[in-house]
Each structure stands twice: as structure tokens, then as C-alpha cells.
Amino acid sequence: MFSSEGIANGLLKQLGLIDSPILFLQNSQHVWITMWMWATWKTLGWSAILYMAAITGIDESLYEAAHVDGATRMQVIRHVTLPSLLPTYFVLLMLQIASFLNNGLEQYFVFQNSFNKDSIQVLDLYVYNLAMGGGSYSVSVAISMLKSLISVVLLFSVNGLSKLLRGESIV
């Protein structure tokens, strides 16, 4: 995907944005774009499956009633499909917000190399390197506990927002 003859370089060449291929994994300037694209690619399929399952779970009589009332396709999407997807959206939002500070240690650890070691440092990788390499295990545990506490606060905040907007909450 990110090789010199991969999808990303091919697309950038076709768009006329670059003349020579970019070595994404050997360049510290593009490490955040690469990691963001990889994380998006990783979670896209799971979210699509959940949304498709939610759409197939919508009662067919709602669609039939909208068509009998003369609703257009866009009106059906706006007044039937989107409101029915709201619970699924809030569940996925809560999962993403609760894991906001968990940025995929394994992904950054695997792609860390001598070219990008200074620029790929994220919180989880910093805590790991601090505990395993630096010998400061107690500081890394304290940072991890603080991260967990912030995640719980964010989760309850989104739950409160869900209760405020929809009248329902998960917890």
C-alpha cells in the first residue's frame, strides 16, 4: 500500500501531486499521515459491518409507510434511516471516545524504525518505552492509570450527551 510502487504513490502520481515516489515508511515527515490512513483502513470495515447490520435491522414497515406517504428516497433516508441509525452511531461514538487515548500501540511499535523513531512517539509507545527501556516502571503505570481515568470521564461525558440528545443512555 505504501511502497514506492503502491496504491498511495500511484494515486498521488495520477493526480499529478508528485513526480517521484515517496518512501512513506522511511520518511519521518509522513509518519502521521501513514498511521492515520492505516488506522482508518483498520476500523473502516468493522464500522461498515455494524452500520449495515443496523440498517438491515430497521423495520420494513417504516419504509413501506414512508413510500405510501409519497416520500422521496432522500426523505426516507432523512426521516427513517438516519433516526434509526442514531443508537448505533452513539454506541460507536462511545466506543471511539472511550478508546480515544488508546492509539494502537502495536501499530506504532511495528512501524517504528531508525528513520522515524523520534517522530512516531505516541503516548502508548512512550509509556511502553519508558517501562521497558528506561526502567521507570512506576511512572509508566501512573501515566497509564491517568489515561484510563481520562477515558472513563470521556465515556461518561458522551453518555450524558446521549441522554441529553436522545433521552436514552447506555449506562
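Residue-wise test of (1) surrounded by 13 or more Cβ atoms within 10 Å (Cβ to Cβ); (2) in contact with a helix residue (DSSP H, G or I) (Cβ under 7 Å, 6 or more places away or on another chain).
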| residue | (1), (2) |
| --- | --- |
| 60 | no, no |
| 72 | no, no |
| 77 | yes, no |
| 94 | yes, yes |
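Screening the candidates 114, 84 for the property of being small (Gly, Ala, Ser) and either surrounded by 13 or more Cβ atoms within 10 Å (Cβ to Cβ) or in a helix (DSSP H, G or I) (or both) yields one hit, 84. Taking the conditions (1) in a helix (DSSP H, G or I); (2) hydrophobic (A, V, I, L, M, F, W, C); (3) touching a helix residue (DSSP H, G or I) at 6+ places or on another chain (Cβ under 7 Å) in turn, residue 101 satisfies each one other than (1).
On the stretch given as segment 19-48, residues that are closer than 21 Å to residue 100 by Cα and of a type outside the set (Ser, Thr, Tyr) total 14.
For beta carbons closer than 6 Å, sequence separation of 6+ or different chains, a first residue in segment 98-115 that is modelled with pLDDT of 70 or more and a second that is among the basic types (Lys, Arg) and part of a helix (DSSP H, G or I), the qualifying pairs are 101/147. Of the residues making up segment 131-154, one or more are buried (at least 16 other Cβ atoms within 10 Å of the Cβ), free of Cβ contacts under 8 Å to residues at least 12 places away in the same chain and in a helix (DSSP H, G or I). Evaluating residue 68 against the criteria (1) in contact (Cβ under 8 Å) with a residue 24 or more places away in the chain; (2) exposed (fewer than 14 other Cβ atoms within 10 Å of the Cβ); (3) aliphatic (A, V, I, L, M) leaves one unmet condition, (1).
Applying the selection to segment 16-62, what residues are assigned to a loop (DSSP other than H, G, I, E, B), within 23 Å of residue 118 (Cβ to Cβ) and in contact (Cβ under 8 Å) with a residue 24 or more places away in the chain? The answer is 27, and nothing else.
The values are calculated or read from the model by the stated rules, or taken from the named source; none is laboratory data. Quick caveat: nothing in here was measured; it's all calculated off a predicted structure. Neighbour counts run over all protein chains shown; Cβ positions are idealised from the backbone, glycine included.
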